[in-house]
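Before any comments, here is the structure.
The values are calculated or read from the model by the stated rules, or taken from the named source; none is laboratory data. Because the structure is predicted, anything quoted here is derived from the model rather than measured. Note that we place each Cβ from the backbone using ideal geometry, even for glycine, and neighbour counts take in every protein chain shown. Each accessible area value is taken on the protein alone, full model and side chains, heavy atoms only, with ligands, DNA and RNA left out. Shrake-Rupley method; radii C 1.70, N 1.55, O 1.52, S 1.80 Å.
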Amino acid sequence: MTVKIVVVDDQEMVRSGFVALLSTQPDLEVVGTAADGAEALQVVRRTHPDVVLMDVRMPVMDGIEALRQLSENPATAQTKVVMLTTFDADEYVHESLRLGASGFLLKDASPDELASAIRVVHAGEALLSPSVTRQVIAQFARAPRRRKADPRLKQLTEREREVLENIARGSSNSEIAAELFLAEQTVKTHVSRILGKLGLRDRAQAVVFAYESGLVAPHV
């Protein structure tokens, strides 16, 4: 299966560089590029990509607003969006994840890291580095706690809650399997069921849900 990609960045050199790197991968295809968020919305609606690489800071319309509009439009809500940044600790991390971004990628990522990131996100995994995960936890630690647990938690079995707790702490499937003494394939099945029951797109949204629902209390 070929993964269709749209690259969005206001710097032509960055766009061209990503296109050149991705063109060497037989399973990846760049179907469009855009120089700002407004243009990105048009390109995405026209090309229907699987993954969008979206710069955070751009003129006309920044990546956050473009992400918001993509997430709110039923026709584009399932498109996976990876936010591009030049900083390992970007101030827009929390807002991007809340709006549905599937992860973050530094612009100076190596060709292998870039290709791997796209495949990971396309497969439904979350692209969250340890530093990004720490930022999300810190943000929730500063926010007021919810008074009531999210009612959707009642849909989960006890084991699914345990898996979700581990997802929220940044554990991989193999790490969760070791922690809960499960087969890795069993963990994958639990993750799929969790996302389905909660109506979540991927692990990045699951992390946000776990903290916002009160299932996991942040410790920083």
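Overview of results
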| item | result |
| --- | --- |
| Proportion of all alpha-carbon pairs of the range 1-93 beyond 23 Å (%) | 17 percent |
| Residues of the chain: accessible area per residue with a 1.4 Å probe, Å² | 50 Å² |
| Cα-based Lys pair tally, the chain, threshold under 23 Å, eight or more apart or on separate chains | 9 |
| Charge sum, other residues only, whose C-beta stays under 14 Å from Q25's C-beta, Lys/Arg counted +1 and Asp/Glu -1 | -3 |
| Backbone N under 12 Å from the A149 label point (7 Å along Cα→Cβ), restricted to the range 178-220 | 213-217 |
| GNM flexibility winner over the chain from A101, A178, A34 (Cα, springs under 10 Å) | A178 |
| Residues of the range 31-51 with amide N under 13 Å of the 7 Å Cα→Cβ point at E212 | none |
| Sites V19 and S174 - FRET efficiency at Förster radius 30 Å, r taken between beta-carbons, to 0.05 | 0.35 |
| Choice from R201, R169, R159 with maximal GNM fluctuation in the chain (Cα, 10 Å cutoff) | R159 |
